2 protein chains.
Amino acid sequence: MERIPILRMGSTLLVTIQIDMQDQTAVALQDDLADRIAQTGASGVLIDISALEIVDSFVGRMLTSISGIARVLSATTVVGGMQPAVAITLVELGLSLEGVRMALNIERGMALLQRGESDSAR
Amino acid sequence: MERIPILRMGSTLLVTIQIDMQDQTAVALQDDLADRIAQTGASGVLIDISALEIVDSFVGRMLTSISGIARVLSATTVVGGMQPAVAITLVELGLSLEGVRMALNIERGMALLQRGESDSAR
């Protein structure tokens, strides 16, 4: 099974999702992220999904779930880089990624985490 | 064909290699990186290979080649996150990654690029 690498950048953990997520990979990512947040005391998690051409309800649930896990470990999650076409499909499917903070790209996501804004979930 | 995403973080472009590289993917990555360096005026390229369990001569050549392309576009390339076992195999195979700057992990690689050290190729 492939594992998705988690990169530490200061107090932020960066995850780039490039492969189609399957059950096992998603569970492993959640476990690894929880471990790494606990280990490093990271205050932010940044997830890049710019390589994903499909964000279905499974990926949506995974993002919501990671965001929830990070929150109870007192870290903020920002998802960035969604392709415009993916955003359109997501809304058409009625998926809202409730509770997940979004950023246009990873650079802005990083800025968001560094500012520690609390109003970015709008 | 899968394309490897290139993330911009300030003046650095970050690439996480997670999939087994094939000819086409490697060529596409080189093209994309050259375009992005020209477009953004990035001064550094950071390549994370922590997910790679095999670095053979093909990947080695690709890293050397990316490093060379970035150099003529006046950007410095740092490769980080090599697994210890990979490092051992690499040396056993006689591959030296000549001219490629290495860092233990992405965080140190980023620090290296930000300091703009010129003696890091040792």
Restricted to region B:7-19, and to residues that are within 10 Å of chain A (Cβ to nearest Cβ) and not in a strand (DSSP E or B), which residue is surrounded by the fewest Cβ atoms within 10 Å (Cβ to Cβ)? B:ILE19
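Kindly check whether there is at least one residue in region B:70-85 that is surrounded by 14 or more Cβ atoms within 10 Å (Cβ to Cβ), more than 14 Å from chain A (Cβ to nearest Cβ) and at pLDDT below 90.
no
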Region A:104-117: number of residues that are buried (at least 21 other Cβ atoms within 10 Å of the Cβ) and among the hydrophobic types (A, V, I, L, M, F, W, C): 3
Where a residue in region A:89-112 is without any contact (Cβ under 8 Å) to a residue 24 or more places away in the chain and its partner, wherever it lies, is part of a helix (DSSP H, G or I), with Cβ under 9 Å and at least six apart: A:SER96/A:GLY60; A:SER96/A:LEU90
Within region A:17-46, can you find the residues that are farther than 15 Å from A:GLY60 by Cα and of a type in the set (Ser, Thr, Tyr)? A:THR40, A:SER43
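I need a count of the residues in region A:82-117 that are in a strand (DSSP E or B) and of a type in the set (Gly, Ala, Ser). First the steps, then the outcome.
Going through region A:82-117, the residues in a strand (DSSP E or B) turn out to be A:101-103.
Pick out the ones that are also of a type in the set (Gly, Ala, Ser) and you get A:103.
The qualifying residues number 1.
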Just for region A:30-49: of the residues that are outside any loop (DSSP other than H, G, I, E, B) and surrounded by 20 or more Cβ atoms within 10 Å (Cβ to Cβ), which one is nearest to the other protein chains (Cβ to nearest Cβ)? A:ASP48
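Select, from B:VAL55, B:VAL79, the only residue that is part of a loop (DSSP other than H, G, I, E, B), closer than 15 Å to B:MET21 by Cβ and touching a residue at least 12 places away in the same chain (Cβ under 8 Å). If you could, list the steps in order and put the result at the bottom.
Working: B:VAL79 fails: part of a loop (DSSP other than H, G, I, E, B).
Result: B:VAL55 is the single residue among B:VAL55, B:VAL79 that is part of a loop (DSSP other than H, G, I, E, B), closer than 15 Å to B:MET21 by Cβ and touching a residue at least 12 places away in the same chain (Cβ under 8 Å).
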A:LEU95 more than 10 Å from chain B (Cβ to nearest Cβ) and surrounded by 15 or more Cβ atoms within 10 Å (Cβ to Cβ): yes
From the list A:GLY81, A:GLY99, exactly one residue is touching a strand residue (DSSP E or B) at 6+ places or on another chain (Cβ under 6 Å) and on the phi > 0 side of the Ramachandran plot. Which is it? A:GLY81
Which ones in region A:20-29 are among the aliphatic types (A, V, I, L, M) and surrounded by 16 or more Cβ atoms within 10 Å (Cβ to Cβ)? A:MET21, A:ALA26, A:LEU29
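The values are calculated or read from the model by the stated rules, or taken from the named source; none is laboratory data. These numbers were taken from a predicted model, which means no experiment stands behind them. Don't worry about glycine lacking a Cβ; one is built from the backbone with ideal geometry, like all the others, and counts go over all protein chains shown.
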